[in-house]
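**Student:** The structure under discussion is supplied below as structure tokens; questions concerning it will follow.
The values are calculated or read from the model by the stated rules, or taken from the named source; none is laboratory data. Worth saying up front: this structure is predicted, and the values here are computed from it rather than measured. Quick reminder, even Gly has a Cβ in these numbers, built from the backbone with ideal geometry, and neighbours come from all protein chains shown. In case anyone asks, the SASA skips ligands and DNA or RNA and just uses the protein heavy atoms, side chains included. Shrake-Rupley method; radii C 1.70, N 1.55, O 1.52, S 1.80 Å.
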Amino acid sequence: MQVKMNTVVTIIYELKDTDGNTLEKMNDPIAYLHGGHDNIFPKVEEAIHGKNVGDSIEITLDPADAFGDYDEGLVQIEPLSAFPEKNIKEGMQFEGEDESGEVIIYTVTNIADGKVVVDGNHPWAGQRVLFMATIKDVRDANQEEIEHKHVHGPGGHHHH
């Protein structure tokens, strides 16, 4: 079956940086609803469109098509006293909100002199990445999945 609008596509994928280092490798298949529902990078969706089970794609994504450009405005310096955790360490992550109420994951990048530097950029922001995927399964989405704009059941999104 061919990948088309409103099919559920199951893929395994790997992300590499431009030096060929693996950033992320998913050996467990993930399923997404195909057809512009923002469940996967649009450029990846374009590459997968029209393909069949067993086909593979390999596509280079510029920052704008992947994790976004690096935004200096998302780097903030906070006093250590603003953090209730006494054992705060570099690399720790926590959720915050920007001015519009969007949730941003901040990563602690530095702690010195009673100040904590936090970075709200994705760890791979500003990077070009190589996205490789193999299509494992394609099926028609059911009406509920189409209405909710995501996959239900194994490998898909669950409501809580």
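**Student:** So, in nm, how far is label residue 139 from label residue 17 when the simple model puts each one 7 Å beyond its Cα toward the Cβ?
**Tutor:** 3.8 nm
**Student:** Could you compute how much accessible surface residue 70 exposes when probed at 1.4 Å, giving the result in Å² to the nearest 10?
**Tutor:** Accessible area of residue 70: about 110 Å².
**Student:** Please report the accessible area of residue 88 (heavy atoms, 1.4 Å probe, ligands and nucleic acids excluded) in Å², nearest 10.
**Tutor:** Its heavy atoms expose roughly 20 Å² to the probe.
**Student:** Using the Karplus curve 6.51 cos²θ - 1.76 cosθ + 1.60 with θ = phi - 60°, work out ³J(HN,Hα) for each residue of region 99-113 in order, rounded to whole Hz, and write x for Gly and Pro.
**Tutor:** For region 99-113, the Karplus-derived couplings read 4, 8, x, 6, 7, 10, 8, 9, 10, 6, 10, 7, 9, 7, 6 Hz, x marking Gly and Pro.
**Student:** OK, next. Per residue, how much accessible area does the chain have with a 1.4 Å probe, in Å²? Display every interim value, and only then the final one.
**Tutor:** Details: 9710 Å² over 160 residues.
Per residue, the chain has an accessible area of 61 Å².
**Student:** Here's another thing I want to ask about it. Given labels modelled 7 Å from the Cα in the Cβ direction, how far is it in nm from residue 72 to residue 46?
**Tutor:** 3.0 nm
**Student:** To continue, here is another question. Looking at the chain, identify the longest residue range that excludes and avoids all GluC sites (Glu not before Pro) in DSSP loops having at most 13 other Cβ atoms within 10 Å.
**Tutor:** Details: sites that count: 85, 90, 99, 102.
Value returned for the longest uninterrupted segment is 1-84.
**Student:** So, one more: Within the chain, what whole-number % of the accessible surface is contributed by carbon and sulfur, with the 1.4 Å probe and all protein chains included in the calculation? Mind dumping the intermediate values first?
**Tutor:** Details: 4620 of 9710 Å².
About 48 percent, which is the carbon plus sulfur part of the accessible surface.
**Student:** In the chain, which longest range has no trypsin sites (Lys or Arg not before Pro) that are both DSSP loop (not H, G, I, E or B) and surrounded by at most 12 other Cβ atoms within 10 Å? If you can, show how the numbers build up before the last one.
**Tutor:** Values: sites that count: 86, 89.
Between the exposed loop sites, the longest stretch runs 1-85.
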